[in-house]
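Colleague: Have a look at this one.
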Amino acid sequence: MNTPQANTSEKQNAQLVWRDFLPCLWMLLGVLGVFPFFAAYGYTRFELHGVFAAITAASVVLFAMEAAILSAIFLKNTELRVQSVLLGMFFRAGIPLVFGMLMHKAGGPLAEAGLFGMILVYYLLTLVVETILAVQLVSQTSTIKKAV
C-alpha cells in the first residue's frame, strides 16, 4: 500500500542519490572550464595535432578523476571510507601517468604535440579539486549504531 509518507521518503532517497553524484559534475565542469586554454595552446604550437592532444589529455584525466570520485561515492557509507581515498589515488595518479608514459614512448604526432605535458598540467590542476571533493565525501559520515 502506497502512503503519501512512503512516496515522499522514496523521493528523498532519489534526491540523495542525485546529490551524491554532484562532485562528478563539478569535476566535469572544471575540466571543461580549462579545456579552451589547452586547445588554444595546442593549436598555436602544433595546429590540429595540438588540439587532439588537448582533447586526449582532458579525456584521460577526466576519466581518472571521475573513477577516483566514484570510488569515494560508492564506499562512503561503508567502513572502507579511508581505503576508498587510497583506491582513488591509484586511479587518479595511475591512469594518467601510465597512459602518458605509454603514449610518449610510442611516439607519433600526439606525443610530439606535448600530450604527456598536457596530461601532467591537467592532472595538477584537477588534483586539488578532486582531493577536496573526495575529502568532503569521506567526511560526510552517517550515524552508524554499533551493538555494545
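Colleague: Over segment 40-148, with the other protein chains present, what is the accessible area per residue in square angstrom, probe 1.4 angstrom?
Modeller: So segment 40-148 comes to 60 Å² accessible per residue, rounded to a whole number.
Colleague: Next question. By the scheme Lys and Arg +1, Asp and Glu -1, what is the net charge of all other residues having a beta-carbon under 15 Å from that of G94?
Modeller: Net of charged neighbours comes to -1.
Colleague: Here's another thing I want to ask about it. Once you order the gyration tensor axes a ≥ b ≥ c over the Cα atoms, which shape class does segment 63-112 get: rounded for a/c under 1.5, otherwise prolate or oblate by comparing a/b with b/c? Display every interim value, and only then the final one.
Modeller: Working: a/c = 6.70, a/b = 3.52, b/c = 1.90.
The shape class here is prolate.
The values are calculated or read from the model by the stated rules, or taken from the named source; none is laboratory data. This one's a predicted model, so the numbers in the text were calculated from it and none came from an experiment. In this analysis, Cβ positions are derived from the backbone assuming ideal geometry, glycine residues included, and neighbour counts consider all displayed protein chains. Note: areas computed on protein heavy atoms with side chains; ligands, DNA, RNA excluded. Shrake-Rupley method; radii C 1.70, N 1.55, O 1.52, S 1.80 Å.
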